[in-house]
Amino acid sequence: MTPPNRSHGKTRVTPTLKPRALMQDTPDYAHVWQAHIITLFPELFPGVLGASLTGRALQEGRWQLHAHDLRSFGLTKHRNVDDTPAGGGAGMVLRADVVGPAIEAVQARAQGRWPILYMSPRGRRFDQAMARDLSTCAGVTMLCGRFEGVDERVIEHYGITEVSLGDFVMTGGELAAQAMIDATVRLLPGVLGNADSTVEESHSAGLLEHPQYTKPAEWNGREIPPVLMSGNHAEIEKWRREMSHQLTRDRRPDLWARHEAGKDG
Ligand SMILES: C[S@@+](CC[C@H](N)C(=O)[O-])C[C@H]1O[C@@H](n2cnc3c(N)ncnc32)[C@H](O)[C@@H]1O
């Protein structure tokens, strides 16, 4: 079956275009979730986002991706983007007078309709609730750092929110941006075939998901738990709920404590 075309005014996005081609200077279509990335490595996009469900949704025009080359805002004929840290120390820092104009160029398109996030190990740890919030915005602008990061004045001046992928340090923000966009785009209407799968999965209700099994019924001497083969939907539900509780209690006492506290509130 041929996938449906989605029309956005004059321009029609068709599934014949590759995700990378869809990123070339496309205008922002109204009512389509927008991801604007400011990066020194625009060629790293769409990356994983061009594959599978997120890639198909991009081709179908359910969301748009724009990777802006920070280098094009660089200074002098060498397009310099960084300089040594004030006060001394190792590495280089992305200059405010380079990052600032890049943010302004992108935010002129955003017109205040969505937040600016700076990918940063110092930031609030990204989670499912943030993905859900982002999916209800009109889009997002993500600033990917490199080297020692970005001049602090940029973060203060534009009221940028720092968001972390986890308690570790990567060489750049691009992987973090792709991870956060992936988690967000799959929550947009129509991206996942089966909407129920976002309701039941890990973190959607503050719990970890129950184990999953599929054919064959027996593998390497291990059988699928008999209740899942019973056809008794009430019992299957009960088993899944118990397993979800048990896994969360064992692996994530922090989540379990929050879950239990929520029952009282
Ligand atoms: C080498 S890191 C800079 C680390 C910074 N000097 C610090 O200690 O907080 C370079 C860039 O990678 C990105 N990055 C690294 N780790 C990250 C994480 N855990 N989450 C999100 N972005 C990260 C950020 O954009 C950061 O500016």
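The values are calculated or read from the model by the stated rules, or taken from the named source; none is laboratory data. Treat the numbers as computed from the prediction; the structure is a model and nothing was measured. With ideal geometry, Cβ positions are generated from the backbone for all residues, glycine too; neighbour counts draw on all protein chains shown.
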Quiz item: So how many residues does region 92-116 have that are aromatic (Phe, Trp, Tyr) and within 17 Å of Arg79 (Cα to Cα)?
Solution: 0
Self-check item: From the options Gly91, Gly145, residue that is surrounded by fewer than 17 Cβ atoms within 10 Å (Cβ to Cβ) and either small (Gly, Ala, Ser) or at pLDDT below 95 (or both)
Solution: Gly91
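Among the residues of region 110-129, how many are surrounded by 16 or more Cβ atoms within 10 Å (Cβ to Cβ) and either modelled with pLDDT of 95 or more or not aliphatic (A, V, I, L, M) (or both)?
So the count comes out to 11.
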Exercise. May I ask you to say which residue of Gly221, Gly262, Gly193 is loosely packed, with under 13 Cβ neighbours inside 10 Å and on the phi > 0 side of the Ramachandran plot?
Key: Gly221
Quiz prompt | Which numbered condition Glu174 fails, given (1) within 30 Å of Leu44 (Cβ to Cβ); (2) modelled with pLDDT of 95 or more; (3) away from the ligand (no atom under 16 Å from the Cβ) | solution = (3)
Quiz item: Is there a residue in region 180-200 that is in contact with a strand residue (DSSP E or B) (Cβ under 8 Å, 6 or more places away or on another chain) and under 30 Å from Ala90 (Cα atoms)?
Solution: yes
